[in-house]
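Please read the structure below before turning to the comments.
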Amino acid sequence: MKIQELHTLFLNCNGVSTDTRKVSKDNMFFALKGDNFNGNTFANKALEIGVKYVIIDDVEFKTSDKTILVENVLETLQALASYHRNHLKIPIIALTGSNGKTTTKELINVVLSKKYNTTATIGNLNNHIGVPLTLLSMSSDTEIGIVEMGANHIKEIEFLCTITKPDFGYITNFGKAHLEGFGGVEGVIKGKSELYQFLTKNNKHVFLNADDPIQKEKLSAYIKKFGFSETDSNYIKIEFIQANPFVKFKIEDVNIESQLIGKYNFTNLCAASIIGKYFNIKLNDIKNALENYAPTNNRSQIIKKESNKIILDAYNANPTSMKAALDHFSNLKDEHKIAFLGDMFELGKDAKQEHQTICELTKTLSIDTVYLIGENFYKTKNNANKIRQFASFKSLKENFSSIETKNATLLIKGSRGMALERILDLL
């Protein structure tokens, strides 16, 4: 079946799905394969639930006219998304970066939603499957699309751009994330910059943090750029005021008091502000959108539990974001501060050194007690009385009765695989 024909069928469906646990009646179901599952085996179940069509790539499971056999289900999903993107004919903003992608995407969405009907990436569905699903969730009612792109190796952003064909793009930053796949920080810069390469090659628009020397250098000669800076008068002037604990800043003559902690969120707020201005959102509406946005999903959430204040930042971690979170935590004026830090994943050959660097950093900071959790942190060399190490979450849990946490401010941060939000159940 040609992609045009499949797209016609798709337009008569109620969206797409890849999981029978979340499928809806009249969906188009794509029977994807994974390392531990074969979606083809769920084809009949999807039909029983009431989907209109099932896309399979195993002839054994073709049971009716509603079952469409293709050569490769994943490639068909991606091709359909690319075709649909052309069909939409709307502006699409793409963003990537080492840290802050999802928060920045959410901020851009709440700002632009003040004037436009937007469709944005749900959660962090930002990979070779998530990006096509995001595009296919956009309808004729969508006026602006916002697509988050994640990557852990070279050429991945380039590939996602060929599907998304963004008109605008923003890179949050270049940090020490996914070093194993990128082969080091230079690989990170090269991989993330594939977004800017696509935009400049196709004469599209770039949003940038003009105070980031890497971004500024890479786009120095490019004309179609719109950015922010604290010092460069060629861009929109934004002034950082404080982050104790919440970020306050000024754009033009308007002060904005956010519900986001840490100076590391300042540039995320700036990006949403200037993108809003570019799309003619009134400054007071930008202020209202940003001040009313509250983080969720374990991302810099502040939680009160009995006598404790908890900064829950357990969605993910890498050396750059870990250092930023610790610096912010150290600068808080709270009296009794405790940090629970989990292993940082996907660092490859740099894992040993990066975990040791964080361990050494904690010794110098204004934090009363530090608990390091995970195999990598357990192996770090440490002679500081304020640091305790646990090889696993299980070990921490077994010894938690010996940890005094009353009347304290806690930072909980680690990679997603550590699931350190489980500490909340121990308090």
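Summary table
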| item | result |
| --- | --- |
| Odd one out for V51, checked against (1) surrounded by fewer than 17 Cβ atoms within 10 Å (Cβ to Cβ); (2) more than 21 Å from Y315 (Cα to Cα); (3) not polar (S, T, N, Q) | (1) |
| Considering residues of region 236-267 that are touching a residue at least 40 places away in the same chain (Cβ under 8 Å) and outside any strand (DSSP E or B) only, the residue farthest from K333 (Cα to Cα) | T267 |
| Residue match in region 111-134 (condition: within 19 Å of N268 (Cα to Cα) and in a helix (DSSP H, G or I)) | yes |
| Hey, N203 on the phi > 0 side of the Ramachandran plot and surrounded by fewer than 16 Cβ atoms within 10 Å (Cβ to Cβ) or not | yes |
| Identity of the residue in region 154-178, under 16 Å from the mean Cα position of the chain (by Cα) and in a loop (DSSP other than H, G, I, E, B), that ends up modelled with the highest pLDDT | T172 |
| Residue satisfying all of: in region 275-329; touching a Ser or Thr at 6+ places or on another chain (Cβ under 6 Å) and at pLDDT 95 or above; nearest to F246 (Cα to Cα) among these | L290 |
| Selection within region 388-407 - modelled with pLDDT of 95 or more and either of a type in the set (A, V, I, L, M) or in contact with a Cys (Cβ under 6 Å, 6 or more places away or on another chain) (or both) | A391, L396 |
| Residue in region 268-279 that is of a type outside the set (S, T, Y), more than 24 Å from S98 (Cβ to Cβ), under 23 Å from the mean Cα position of the chain (by Cα) and in a helix (DSSP H, G or I) present | yes |
| Any hit, region 304-315, residues being assigned to a strand (DSSP E or B), of a type outside the set (A, V, I, L, M, F, W, C), closer than 30 Å to F207 by Cβ and touching a helix residue (DSSP H, G or I) at 6+ places or on another chain (Cβ under 6 Å) | yes |
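The values are calculated or read from the model by the stated rules, or taken from the named source; none is laboratory data. Computed from a predicted model, the values in this text were never measured in an experiment. Positions of Cβ are generated from backbone atoms using ideal geometry, with glycine treated the same way; all protein chains shown enter the neighbour counts.
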